[in-house]
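A.B. asks: Sending over a structure as structure tokens; questions will come in a sec.
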């Protein structure tokens, strides 16, 4: 299994992109802050505040046992919201591919990650519930959307098979979901209290379902563990997560308030969506934060690149590039495409976009992976978790809470209990004076 990754930041240094980039002086001027941030993060780890860093050393046997347990099921449904489901989906698509469900020999996997009734209805009509293994995942055990979908699926299961204990696995630390699991005797997994949802993919949140989906979780964690060693290096020039955090911090203070992640392989699209939550929810506090955008190359060159090249100078771009694709096809044509492979085309498009941005002095970095697999994806996941944690220290904010999101959840609960929005917030959401009929 190949596993080489490179972090290239040539195109953000001042010598390459001028004043829009990062100079050695920029780094020297904040070296005290960098050291304080590095030491502050490691101190939090020593004080057992950052459980996600311990996950690379955990015992994986409870999850590998699930692989045997799940062998007789033909369908898997993962029910969760945000960090409770996006990590598993990101790894599943990153390793298996976006159309893996279409293969006749594969175990069909579906993600119930919204309260959209049409989506829930459609998924329930795609599976044979008797042959379906259901994961319900919520750290608090009280996430409204997760509870709602779980209760609907469980009711259908009971109607179909009666005793459905063998069909349900719960990952929760408390709340209504854990109460139900304990009362009914469902298989139950815990999440370390010091691991937040968006940092939880390498806990039971991700590893329990992934172990049933044909993912080599040992290699996934091994990749993360080896990245952990790099990310604990105090030398910024040998620590990719710290260096990228510092680059983004310096550029943020130069007005680069948008961070674009641009993978040139469709299998990493969900990784981009996972990164979007990680970066936004962790760092968007106290009036601070860098807005994350996901673009997929090469297709978004035809929708977004005009803005990146000729629009506001408020972006830093990250390319994710894969050297070796799992499958490839050769083009037969009478023009310049003849005898070239699709992999050559998409990688040339990435190189062309990178060169074009750099020529316009738009800072960009690249992560180059020799082959996308569990091992390299584990490296990538852990690098971005550590990069986000370092960025939080540099911004002097708590990267591990989400206070404003909790308020929206509270209002939702009260609305369902019958209170009006005006009663809860003091304003009307609908006033006919400000409505245009279309």
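A.B. asks: Exactly one of these conditions fails for residue 292: (1) under 30 Å from residue 215 (Cα atoms); (2) assigned to a helix (DSSP H, G or I). Give me its number.
C.D. replies: For residue 292, the exception is condition (2).
A.B. asks: Output the qualifying pairs, or none if there are none: Cβ atoms under 8 angstrom, residues six or more apart or on different chains, first residue in the range 131-156 and closer than 18 Å to residue 414 by Cα and outside the structural domain of residue 77 (by TED's automatic domain parsing), second residue modelled with pLDDT under 95 and not in a helix (DSSP H, G or I).
C.D. replies: none
A.B. asks: Report yes if residue 56 is more than 16 Å from the chain's Cα centre (by Cα), surrounded by 18 or more Cβ atoms within 10 Å (Cβ to Cβ) and either assigned by TED's automatic domain parsing to the domain that holds residue 265 or not in a helix (DSSP H, G or I) (or both), otherwise no.
C.D. replies: Considered against the rule, which asks whether it is more than 16 Å from the chain's Cα centre (by Cα), surrounded by 18 or more Cβ atoms within 10 Å (Cβ to Cβ) and either assigned by TED's automatic domain parsing to the domain that holds residue 265 or not in a helix (DSSP H, G or I) (or both), residue 56 comes out as no.
A.B. asks: So, one more: Can we say residue 183 is farther than 30 Å from residue 278 by Cβ and free of Cβ contacts under 8 Å to residues at least 24 places away in the same chain?
C.D. replies: Judged against the criteria, residue 183 is a match.
A.B. asks: Same structure again: Select, from 307, 251, 337, the only residue that is over 22 Å from residue 381 (Cβ atoms), without any contact (Cβ under 8 Å) to a residue 40 or more places away in the chain, in a helix (DSSP H, G or I) and more than 21 Å from the chain's Cα centre (by Cα).
C.D. replies: Exactly one of 307, 251, 337 is over 22 Å from residue 381 (Cβ atoms), without any contact (Cβ under 8 Å) to a residue 40 or more places away in the chain, in a helix (DSSP H, G or I) and more than 21 Å from the chain's Cα centre (by Cα), namely 307.
A.B. asks: Still on this structure, I have one more. Taking the range 85-100 on its own, how many of its residues are modelled with pLDDT of 95 or more and farther than 17 Å from residue 380 by Cβ?
C.D. replies: 1
A.B. asks: Evaluate the range 184-198: report whether one residue or more is under 27 Å from residue 95 (Cβ atoms), assigned by TED's automatic domain parsing to the domain that holds residue 143, assigned to a helix (DSSP H, G or I) and modelled with pLDDT of 95 or more.
C.D. replies: Within the range 184-198 (the criterion being under 27 Å from residue 95 (Cβ atoms), assigned by TED's automatic domain parsing to the domain that holds residue 143, assigned to a helix (DSSP H, G or I) and modelled with pLDDT of 95 or more), the answer is yes, since at least one residue qualifies.
A.B. asks: Return a yes/no flag: does the range 202-218 have any residue that is in a helix (DSSP H, G or I), under 19 Å from the mean Cα position of the chain (by Cα) and more than 28 Å from residue 2 (Cβ to Cβ).
C.D. replies: Looking through the range 202-218, at least one residue is in a helix (DSSP H, G or I), under 19 Å from the mean Cα position of the chain (by Cα) and more than 28 Å from residue 2 (Cβ to Cβ).
A.B. asks: A further question on this structure: Count, please, the residues in the range 7-25 that happen to be within 23 Å of residue 383 (Cα to Cα) and touching a residue at least 60 places away in the same chain (Cβ under 8 Å).
C.D. replies: 7
A.B. asks: Tally up the residues in the range 254-267 that are part of a helix (DSSP H, G or I) and touching a helix residue (DSSP H, G or I) at 6+ places or on another chain (Cβ under 6 Å), please.
C.D. replies: Residues that pass the stated criteria total 1.
Here is a yes/no grid of residues against (1) modelled with pLDDT under 95; (2) touching a helix residue (DSSP H, G or I) at 6+ places or on another chain (Cβ under 8 Å); (3) loosely packed, with under 13 Cβ neighbours inside 10 Å:
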{"position": "374", "(1), (2), (3)": "no, yes, no"}
{"position": "383", "(1), (2), (3)": "no, yes, no"}
{"position": "386", "(1), (2), (3)": "no, yes, no"}
{"position": "400", "(1), (2), (3)": "yes, yes, no"}
{"position": "408", "(1), (2), (3)": "yes, no, yes"}
{"position": "420", "(1), (2), (3)": "yes, no, yes"}
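A.B. asks: Scanning the range 1-15 for residues that are touching a strand residue (DSSP E or B) at 6+ places or on another chain (Cβ under 8 Å) and in a helix (DSSP H, G or I), which turns out surrounded by the most Cβ atoms within 10 Å (Cβ to Cβ)?
C.D. replies: Among residues in the range 1-15 that are touching a strand residue (DSSP E or B) at 6+ places or on another chain (Cβ under 8 Å) and in a helix (DSSP H, G or I), the one surrounded by the most Cβ atoms within 10 Å (Cβ to Cβ) is 12.
The values are calculated or read from the model by the stated rules, or taken from the named source; none is laboratory data. From a predicted model like this one, the values you see are computed outputs, not experimental measurements. With ideal geometry, Cβ positions are generated from the backbone for all residues, glycine too; neighbour counts draw on all protein chains shown.
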